[in-house]
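One structure coming up, written as structure tokens, with questions to follow.
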Amino acid sequence: MIAIQSYDSGLRRLFKKAILRILPHAVSRRIQDLRAGRAGRPIGHVRFGDLRRLIPFSRHFGYDRGLPIDRYYIENFLARHAGAIQGRVLEIGDAAYTNRFGGARVTISDVLHVAPRRQATIVGDLTQADHIPSDTFDCIILTQTLHLIFDVRRALQTVYRILKPGGVLLATFPGITQIDHGEWAESWYWNFTTRSSRRLFHEVFLPESCDIEAIGNVLVASAFLYGLGVEELHREELDYNDRDYEFLITARAQKPR
């Protein structure tokens, strides 16, 4: 009797799969969404609430409302790869992440800035950095920087050159984002996808030495565009990943020894 029921159940599953295959893709996808509880509200029944507005809650990426949402993922990424932040480390802008995630493992901390700044130990542009010696750094922290560099290929070539053999690049860059009209207004050139990121990185680093990932979902992307902070979302909302929404791209790449 159990065997018969199991057989019947198997036939029903095969029949359902066959039906889904012959239906138009849109209809098949809708049926699967309904079965999985992913179906949206009927047209005209969506409640926008506070989101029915033409201006965001904040134009400062959420800094004035708490921790910016992209920083949640950036910091989680650096925490996962903290072991690579050691020896001589180069960070862009300041040494905050070097100190926070490298700690006592860091022997020399350098800061690169495009213009003279108090914390900068090296002044220069990654696309014109012949003054930085080759094979110098054990780790380079390049968070939210590549989109501000027009010649991304040349910048990555410089990063590869100045890494020591075995050195690690930890980089993040935006996928879905608003743009800055303040300090970086004149140099905000790009947003990225995992596909474009892999092509760029694989031109410079060995493909097997690169780990490119995307993080995000529709709620996270929308909340960031509205200028909300991390504190306004739940952990399970932040940690849910939907590959259709590449909110933030992370990259770990290692130079061969």
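The values are calculated or read from the model by the stated rules, or taken from the named source; none is laboratory data. Computed from a predicted structure; not experimentally measured. Ideal geometry is used to build each Cβ from the backbone, glycine not excepted, and the neighbour counts take in all protein chains shown. We work out accessible area using only protein heavy atoms, side chains counted, and drop any ligands, DNA or RNA first. Shrake-Rupley method; radii C 1.70, N 1.55, O 1.52, S 1.80 Å.
Where Rh denotes the Kirkwood radius from the mean inverse Cα pair distance, what is Rg over Rh for the stretch 150-230?
Using Cα coordinates only, the ratio equals 1.01.
Could you order the peptides 172-180, 89-97 from most to least packed, using the average number of other C-beta atoms within 10 Å per residue?
Going from most to least packed, we get 89-97, 172-180.
OK, next. Over the Cα atoms of the stretch 86-235, what radius of gyration and what Dmax do you get, in Å?
Taking only Cα atoms of the stretch 86-235, I get Rg and Dmax of 16.1, 46 Å.
Now for a different question. For a paramagnetic label modelled at 7 Å from the Cα of Asn76 toward its Cβ, which residues of the stretch 126-162 fall within the zone defined by backbone nitrogen distances under 20 Å?
142-145
Also, quick follow-up: Tally up the carbon and sulfur contribution to the accessible surface of the stretch 53-136 as a whole percent, 1.4 Å probe, everything protein left in place.
Here carbon and sulfur together make up 51 percent of the probe-accessible area.
According to a simple spin-label model (label point 7 Å from Cα along Cα-to-Cβ), what is the distance in nm between Lys164 and Ala185?
4.3
Enter the Cα centre distance for the pair the stretch 62-78 and the stretch 189-244, rounded to the nearest angstrom.
For the stretch 62-78 versus the stretch 189-244, the Cα centre distance is 13 Å.
Which FRET efficiency, nearest 0.05, do Arg47 and Tyr240 yield, Cβ-Cβ r, R0 22 Å?
The calculated FRET efficiency here is 0.60.
Using per-residue counts of other Cβ atoms within 10 Å, averaged over each peptide, order 98-106, 244-252 from highest down.
Answer by packing, highest mean first, reads 244-252, 98-106.
Follow-up question, since we're still on this one. Determine, at each q value in 0.17, 0.19, 0.21 (inverse angstroms), the log₁₀ of I(q)/I(0) that the Debye formula gives when each Cα of the stretch 43-137 is one equal point scatterer.
Values, matching the q order: -0.89, -1.02, -1.13.
Mind ranking 46-54, 199-207 by how tightly packed they are, going by the mean number of other C-beta atoms within 10 angstrom, highest first?
Ranked from most to least packed, the peptides come out as 199-207, 46-54.
Here's a follow-up. Using a probe of 1.4 angstrom, how much of the accessible area of the stretch 185-257 is carbon and sulfur, in percent?
Here it works out to 48 percent.
Per residue, what accessible area does the stretch 62-177 have, given a 1.4 Å probe and all protein chains present, in Å²?
Value for the stretch 62-177: 42 Å² per residue.
Mind giving me the nanometre distance, one decimal, between the label points for Glu203 and Ala104, set 7 Å out from Cα along Cα→Cβ?
Taking the two extended label points, one gets 4.3 nm.
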